[in-house]
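Some notes on the structure that comes next.
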Amino acid sequence: MSKHLTIVDHPLVQHKLSIMRDKSTSTKSFRQLLREISLLLAYEVTRELPMTIDRIETPIEPMDAPTLDGKKLALISILRAGNGLLDGVLELIPAARVGFVGLYRDERTLQPIQYYFKVPEALEDRLVIALDPMLATGNSSVAAIDLLKEAGATNIRFMCLLAAPEGIQRMKEAHPDVPIVTAAVDQRLNEHGYIVPGVGDAGDRMFGTK
Ligand code: URA
């Protein structure tokens, strides 16, 4: 992908996002809408996948048909909120390999702490799409991508629902080679590191925890 930041301003995405933002939206609806948006974001994040030509036969005649080239791509869910994007993307790309990076945010320092890391083999040969609905401070996203690069990934994209300008800047400085695809860029972070106006705590809202 050539652009560092892509905002998917499609009306369906924006409409669904507005419903998600509303604090009266139920856990069930929030999760369903996130899944629906993830399909639309996945469409954009995979727009420039390399293609090859395969010879096939239609019922009418042989043809040179365009198909995806290269190894199966790898979807990496940054736990736990990344799982809210994962199912939708898997629906669109069912043959993808899946990995998980477990990071939680220390509420005092806002720094990411790693507790789990399991990713598919041969990351260096795959397009790797890192999934996390919220690009807030960027601390956990940068840390997750550091880990993916240490594991061999060289072609990484980052897909999120919402981004704060602070997180985009942090990612751009740390990982200028990683394009970001998001549904919106909000105003700022508040003093607790939440995106304003945002959706609140995405993990809590999708899983019904507090
Ligand atoms: N994580 C969230 O779930 N929400 C925010 O606003 C920021 C980080």
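Readers should treat all values here as calculations from the given coordinates under stated rules, not as data from a laboratory. Everything numeric in this text was worked out from a predicted model, so none of it was measured. Glycine also receives a Cβ, built like all others from the backbone with ideal geometry; neighbour counts cover every protein chain displayed.
So which residues in region 163-210 are more than 10 Å from the ligand (Cβ to nearest atom) and acidic (D, E)? The answer is E166, E173, D177, E191.
Against the numbered list (1) surrounded by 14 or more Cβ atoms within 10 Å (Cβ to Cβ); (2) more than 16 Å from the ligand (Cβ to nearest atom), E124 comes up short only at (1). If the condition is being within 13 Å of the ligand (Cβ to nearest atom), assigned to a strand (DSSP E or B) and either touching a Gly at 6+ places or on another chain (Cβ under 8 Å) or small (G, A, S) (or both), then region 105-119 contributes only R105. The residues listed here are A81, A151, A143; of these, the one that is within 16 Å of the ligand (Cβ to nearest atom), surrounded by fewer than 20 Cβ atoms within 10 Å (Cβ to Cβ) and among the aliphatic types (A, V, I, L, M) is A143. Residues that are of a type outside the set (A, V, I, L, M), part of a strand (DSSP E or B) and free of Cβ contacts under 8 Å to residues at least 12 places away in the same chain within region 54-79 comprise R55, E57, P62, D64, listed in sequence order.
Just need a number here: residues in region 126-154 that are of a type in the set (D, E) and in contact with a Gly (Cβ under 7 Å, 6 or more places away or on another chain).
1
Table: residues versus (1) charged (D, E, K, R); (2) surrounded by 15 or more Cβ atoms within 10 Å (Cβ to Cβ).
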{"position": "V89", "(1), (2)": "no, yes"}
{"position": "A95", "(1), (2)": "no, no"}
{"position": "G102", "(1), (2)": "no, yes"}
{"position": "D106", "(1), (2)": "yes, no"}
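One residue stands out in region 17-30 among those that are in contact (Cβ under 8 Å) with a residue 24 or more places away in the chain and under 25 Å from P179 (Cα atoms): the one that is surrounded by the fewest Cβ atoms within 10 Å (Cβ to Cβ), namely R21.
Answer yes or no as to whether I76 is buried (at least 21 other Cβ atoms within 10 Å of the Cβ) and not charged (D, E, K, R).
Considered against the rule, which asks whether it is buried (at least 21 other Cβ atoms within 10 Å of the Cβ) and not charged (D, E, K, R), I76 comes out as yes.
The helices (runs of 4 or more DSSP H) found wholly in region 136-208 and carrying at least 3 residues that are of a type in the set (G, A, S) occupy 139-150.
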